[in-house]
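The structure is given below, and queries will be raised subsequently.
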Amino acid sequence: MLNIKLRGKYTEESQLIKGKELPAGANQFKESKTIVGMLIKGMIMMLPLILPMVVIGVTRIREITNDFEVNLSLVITFVVMLLLSYLLIYVHEFIHALFYPTSAVKEIWRYPSEDAYFVYCDAAISKTRFIAINLAPAFLLGIVPYIIWLLIYDALPINISICFAILTLITTLMGGGDFYNVCNTILQVPNKAKIFNYGFHSYWIK
């Protein structure tokens, strides 16, 4: 019903294009050629958001305790948090897929050479929707939980509070490449243009 399909390993663009031709008048985004490149550039662009989150988080933790020590409980909680963050990579991609039109086919691919996952959908969508699709996972998995943590940080056990805060930062940073897409969209795409994926790149067309 949701038209979300789990695919295997991505190796070449023909797996995505499936013989379709690029529409006339399509304009390719000026963007990085690799997922890692997009992620790094996006993370740099996110610093004005991430740095205040870190500073505020450290301040709140220090309000709870100034006598912090690493113990077995913290190590176990931290390992569980890392495992959860890995599982949330899949949730991240599913959220992307859910924000595309229901009738469109959404494919979730694994890209081993870049150690990454991505959603492919060639449906033409509005600029506003494309921005929402890209921001949704970081907002729902990172920023909103971080805000909730700010409200309850002192009510949680110290180990859980620290690891939960770190997890929200990780899930926010997972959206580095998405944030890069948003910046490119705002700077490059006319307001009434439609955006779509073709192969491993994004395009816009009037």
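The values are calculated or read from the model by the stated rules, or taken from the named source; none is laboratory data. Predicted, not measured: the structure shown is a model, and the values here were computed from it. Neighbour counts run over all protein chains shown; Cβ positions are idealised from the backbone, glycine included.
Output the residues belonging to region 81-98 that are aromatic (Phe, Trp, Tyr) and touching a strand residue (DSSP E or B) at 6+ places or on another chain (Cβ under 9 Å).
Tyr90, Phe94
Identify, please: which residue in region 152-206 is over 18 Å from the mean Cα position of the chain (by Cα) and of a type in the set (Ser, Thr, Tyr) and is, among those, nearest to Thr11 (Cα to Cα)?
Of everything passing the filter in region 152-206, Tyr198 is nearest to Thr11 (Cα to Cα).
Of the residues Met46, Met53, only one is buried (at least 18 other Cβ atoms within 10 Å of the Cβ) and farther than 29 Å from Tyr198 by Cβ; which?
Met53
Then there's this: Looking at (1) of a type in the set (A, V, I, L, M); (2) over 21 Å from Ile95 (Cα atoms); (3) touching a Leu at 6+ places or on another chain (Cβ under 7 Å), which is the only condition Ala155 fails?
The single condition Ala155 does not satisfy is (3).
Out of Phe99, Phe68, which single residue is at pLDDT below 95 and hydrophobic (A, V, I, L, M, F, W, C)?
After ruling out the rest, the residue left standing is Phe68.
Go through region 116-150 and give me each residue that's free of Cβ contacts under 8 Å to residues at least 12 places away in the same chain and over 30 Å from Thr59 (Cα atoms).
Thr128
For region 121-176, enumerate the residues that are closer than 30 Å to His201 by Cβ and either of a type in the set (D, E, K, R) or outside any helix (DSSP H, G or I) (or both).
Cys121, Asp122, Ala123, Ala124, Ile125, Ser126, Lys127, Arg129, Met174, Gly175
Just wondering, is there one or more residues in region 102-114 that are free of Cβ contacts under 8 Å to residues at least 24 places away in the same chain, under 30 Å from Ile147 (Cβ atoms), part of a loop (DSSP other than H, G, I, E, B) and not small (Gly, Ala, Ser)?
No, because not a single residue in region 102-114 is free of Cβ contacts under 8 Å to residues at least 24 places away in the same chain, under 30 Å from Ile147 (Cβ atoms), part of a loop (DSSP other than H, G, I, E, B) and not small (Gly, Ala, Ser).
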